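The values are calculated or read from the model by the stated rules, or taken from the named source; none is laboratory data. Since this is a predicted model, take the numbers as computed values, not measurements. With ideal geometry, Cβ positions are generated from the backbone for all residues, glycine too; neighbour counts draw on all protein chains shown.
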Amino acid sequence: MSTQDTTSTRRPRAGTIIWGAVILAVGSLVLLNQLTDIRFDTGVVLMGLLVGTGAALVIGGALSMVRKDPSEPPS
């Protein structure tokens with residue numbers, strides 16, 4: 001019988017949160033476009049989302065690398 005605690009706390013992955021936010025943003029913009037008279041330049045909006053998503057993924061990856069749990073064995 002082992003005395004080690006086998007339950008581990010898992011943090012949410014940055015990529016999942018970022019892609020979820022992108023989907024929410026796109027859905028909100030489509031809904032806003034359909035329900036109001038506000039019109040968006042699709043190319044500019046998509047480029048902005050692409051740049052923002054890429055930056056968020058890079059920053060999230062760097063932060064997760066820096067915040068590794070020191071009690072975890074190296075993989």
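Details
- Sole exception among (1) under 27 Å from THR9 (Cα atoms); (2) modelled with pLDDT of 90 or more; (3) more than 17 Å from the chain's Cα centre (by Cα) for LEU35, by number: (1)
- Failed item in (1) closer than 28 Å to SER64 by Cβ; (2) modelled with pLDDT under 85; (3) surrounded by 12 or more Cβ atoms within 10 Å (Cβ to Cβ), with PRO12 passing the rest: (3)
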